[in-house]
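Read the structure below first, then the notes.
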Amino acid sequence: MTTRRQNIESELHVLQEAVASAVHELSQPLNVVNLLADNALEDVANLQAAGAADAVVLSGLRRRVESIVEQAGKASDITRWVRAFAVSINDGAADFDPGSVVERVAGIFANDLRVAGIKLVVDCEPGIQAAAGNEALFGFALTEAILWLSHISPRPMRADSQDESPVRRILVLCREDSTTGSVLVTISGDAEPSGDSRAAARSGALRDADVSAALPLLTRAGRAPGSSLAVSTAGNGIQLRLSLPISGPVLTA
């Protein structure tokens, strides 16, 4: 192992330790916020039941506290996503809910993409079964694919345009395929390939080398036992389809 590689691995280890510590510290006040919000909602419910305060005021207070709970939940989702990096990505397999991971990643990045003129659309089939694999790897692979598609999407409308709605779309579908015993996660969007990828897009397919270079985490997820990755192009659109093996009973919300 070269000295440079040893230094990089050492720096990465230190960064992971620092992130793990920061996430732990952040989780503590988030837990307190959630606890206090739950207590406040309980107090509001008791006051409403007793008719001991103005109903309109209490209703407004309930909505504000519920908004606090919602925002704290989003922050908790972000800490879970960051924690996955802190503990590193290994090859161990376990049952996980791919739909929940998709929703979590979308919740983190959807607003930033919207500001960039890209609408992130998620359509996960309810009641799909658990997938067997590495949840952290899947989450980062999905993030990698979404951000990659956002970077190669055609430029959005000019800032001075009268139409403020997003002009490009990235679609993430999550479906169960009972015939193959798998969960299919499809990420697709408009694209404007550059360099060698442009010719590949016109021919209707990207080379494995192109995908491996651009999406190493997604490629790794597709090579996991029982999983597969298919990439196709049509016109200016690129579709990434990751197949994950089904394992375990149907998950319920």
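Values in this text are rule-based calculations from the coordinates and carry no lab data. Here the structure is a predicted model, which means the values were calculated and not measured. Neighbour counts are summed over all protein chains in view; Cβ atoms, including those assigned to glycine, are modelled from backbone coordinates with ideal geometry.
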Note to self: Spelling out what I want: for every residue of segment 110-125, take phi, set θ = phi - 60°, compute 6.51 cos²θ - 1.76 cosθ + 1.60 (Karplus), and round to whole Hz; glycine and proline get x.
What the structure shows: 4, 5, 4, 5, 4, 4, 7, x, 10, 9, 9, 10, 10, 9, 9, 5
Next item on the list: Give the long-range amide H neighbours of Gly117: residues separated by 5 or more places, or on another chain, with amide H under 5 Å away, using H modelled in the peptide plane at 1.01 Å from N.
Entry: none
Item checked: Pair Val122, Thr2: separation of 7 Å Cα→Cβ label points (nm) -> 4.0
Check: What FRET efficiency comes out for the pair Asp112/Ser232, r = Cβ-Cβ distance, R0 = 41 Å, nearest 0.05?
Finding: 0.95
Check: What list of ³J(HN,Hα) values in whole Hz, one per residue of segment 170-175 in order, does the Karplus curve 6.51 cos²θ - 1.76 cosθ + 1.60 (θ = phi - 60°) give from phi, with Gly and Pro shown as x?
Finding: 10, 10, 10, 10, 10, 9
Margin query: Please report the net charge: other residues with Cβ closer than 13 Å to the Cβ of Arg62, K and R +1, D and E -1.
Written below: -4
Item checked: Potential lengthening between Thr79 and Asp177 on full extension [0.36 nm per residue; Cα-Cα distance subtracted] -> 32.2 nm
Next item on the list: Collect residues whose amide H, placed 1.01 Å from N in the peptide plane, falls under 5 Å from the amide H of Ala130; neighbours closer than 5 in sequence don't count.
Entry: Ser247, Leu251
Check: In nm, to one decimal, how far is the modelled label at Gln71 from the one at Asn31, with both set 7 Å along Cα→Cβ?
Finding: 2.3
Item checked: Note, ³J(HN,Hα) from phi for segment 42-54, Karplus 6.51, -1.76, 1.60, rounded to Hz, x at Gly and Pro -> 5, 5, 4, 4, 5, 5, 5, 5, 7, x, 8, 8, 4
Item checked: Net +/- balance of residues flanking Asp112 in space, Cβ distance below 14 Å, scoring K and R +1, D and E -1 -> +4
